[in-house]
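The values are calculated or read from the model by the stated rules, or taken from the named source; none is laboratory data. Treat the numbers as computed from the prediction; the structure is a model and nothing was measured. Don't worry about glycine lacking a Cβ; one is built from the backbone with ideal geometry, like all the others, and counts go over all protein chains shown.
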Amino acid sequence: MSKEPAIGKSSLSIDFSHIDYGEVSKYIEDRGFGFVKSYLRRLEGLEDELFFHASKIKEVYTKAHVSVDRISSNDVFEGLIQGAFWYEYQYTPKGWAIKRIFTREDLIKYQNDIRKHIPIEKIINSYIKTIDHQLSTKNIELIGLVYDAYVVSQLEQIKAIYIQDKEAKRREKERQRLLEERERVASLIQENAEQIKWFLEDNDIYLISKENPEKLERINEKIEYIDNEYGGWEIKFKDQLDLTHFDYSEVRVVDKAETEFKALVEEMRPLGFVESAQVSNYIVQNRLHFKYKHLSGLLHMEKYGERYDFVGGIKKNYYARLCAELGLENRKSGAHVLGFTSFATVARRLKK
């Protein structure tokens, strides 16, 4: 079993086998200490988070002849060290900790010694190991303080290749996602084609056009799939370009019976009818079944135990509104409504 280094080694000399660089992962300002994520120890599979005391940060400011009383988070993450630095570490009774932080002047002074103890291959391997982590945000910048431009250019090339590869993987993942989504929608469309068709026939769907935010645009003819099974509307367009033309913050679904009701009221008002039966007879006699096919249809009635269908009746929830709008009276024949089948539904059944 390997032993930890002896504690109490002289602080006057630098142990170049314990030189590393990294970024501050956390600083607890009110307690005056924090932690640094190491790059090189991470490469070797060692504990990569090292403790540091605020006094080590203060030493950097003192060397730069900058007076600070209490080290703030701004002093750590901005200021002179900008949250990332080279340092020497040591083993203490509480574990691995930073012994000293190197200033830029220190790095120039000890540049050759650091290069001698940390070969370029190790630096490159360290960068490759950390490039896919948030740790690597200032990696190349720190390396450039010690190693020459050739090393930095190699790392920049590695970074460029990594970014290209990551973007290619992202695009492929997105391509697969879109493919799976299209297959899912295609399957849903195939399974629910008739229901979608009838839903769009019974309802008008409106979205806000980005080109004209003040106006709702009817989009029935553009829709390939629509569903609200999970409490929110899911809409797929036949043409993918339409996706960018609309604002999905508001989906308005209007029952076509409502639209037909408004049109019926306007058509009936000048005729002066006084009974609701006159409206029904007018619809039948003038063959307005398809003009008002969602609003009117067959009222399934019962009177004295006998059941029958009243042709041209108005959908129950609109009947009271129609009487109120036109001032119509009900003959009160004693029959009561059992159900309603719209002319639109009758037409569908006849097509089957």
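Of all the numbered requirements in (1) assigned to a helix (DSSP H, G or I); (2) over 40 Å from the mean Cα position of the chain (by Cα); (3) surrounded by 14 or more Cβ atoms within 10 Å (Cβ to Cβ), E88 misses one, and that requirement is (1). Screening W96 against (1) within 21 Å of E23 (Cα to Cα); (2) not assigned by TED's automatic domain parsing to the domain that holds Y27 leaves a single unmet condition, (2). Being closer than 24 Å to I131 by Cα and either among the charged types (D, E, K, R) or exposed (fewer than 15 other Cβ atoms within 10 Å of the Cβ) (or both), is that true of even one residue in region 52-71? Taking every residue of region 52-71 in turn, none turns out to be closer than 24 Å to I131 by Cα and either among the charged types (D, E, K, R) or exposed (fewer than 15 other Cβ atoms within 10 Å of the Cβ) (or both). Counting only residues that are within 20 Å of N139 (Cα to Cα) and in contact with a strand residue (DSSP E or B) (Cβ under 6 Å, 6 or more places away or on another chain), which one in region 72-84 is surrounded by the fewest Cβ atoms within 10 Å (Cβ to Cβ)? Across region 72-84, the extreme among qualifying residues is G83. Filter region 1-51 down to the residues that are aliphatic (A, V, I, L, M), within 24 Å of S126 (Cα to Cα) and at pLDDT below 90, then identify the one that is surrounded by the most Cβ atoms within 10 Å (Cβ to Cβ). Residue satisfying both the conditions and the ranking: L40.
Determine whether K109 is of a type in the set (D, E, K, R) and in contact (Cβ under 8 Å) with a residue 24 or more places away in the chain. No; evaluated as a whole, the condition is false for this residue. Answer with yes or no whether K116 is among the basic types (K, R), in contact (Cβ under 8 Å) with a residue 60 or more places away in the chain and closer than 22 Å to R42 by Cα. So K116 passes the test. Each residue in region 34-67 was checked for being touching a Leu at 6+ places or on another chain (Cβ under 9 Å), over 25 Å from R115 (Cβ atoms), aliphatic (A, V, I, L, M) and in a helix (DSSP H, G or I), and 1 of them qualify. Out of curiosity, is S249 farther than 17 Å from N203 by Cβ and assigned by TED's automatic domain parsing to the domain that holds N317? When the stated conditions are applied, S249 does not pass them.
When region 12-33 is examined, which residues are found to be in a strand (DSSP E or B) and of a type in the set (K, R)? Passing the criteria: only K26.
Of all residues assigned to region 267-281, none qualifies as being farther than 27 Å from F340 by Cβ and not in a helix (DSSP H, G or I). Let me spell it out: the conditions are (1) in a helix (DSSP H, G or I); (2) under 27 Å from the mean Cα position of the chain (by Cα), and L155 meets all of them except one. Which number is the exception? Exception for L155: condition (2). Residue count for region 301-342 under the criterion of being among the charged types (D, E, K, R), modelled with pLDDT of 85 or more and in contact with a strand residue (DSSP E or B) (Cβ under 6 Å, 6 or more places away or on another chain): the result is 2. Beta carbons closer than 7 Å, at least 6 apart along the sequence or on distinct chains, pair a first residue in region 16-42 that is more than 17 Å from K138 (Cα to Cα) with a second that is of a type in the set (S, T, Y) for H18/Y89; Y27/S73; E29/S72; E29/S73; G34/Y27.
Can S249 be described as loosely packed, with under 14 Cβ neighbours inside 10 Å and among the polar types (S, T, N, Q)? Break it down stepwise before answering.
Details: loosely packed, with under 14 Cβ neighbours inside 10 Å: yes; among the polar types (S, T, N, Q): yes.
Yes, satisfied.
Once region 138-197 is narrowed to residues that are surrounded by 15 or more Cβ atoms within 10 Å (Cβ to Cβ) and among the charged types (D, E, K, R), the residue that is farthest from F85 (Cα to Cα) is K159.
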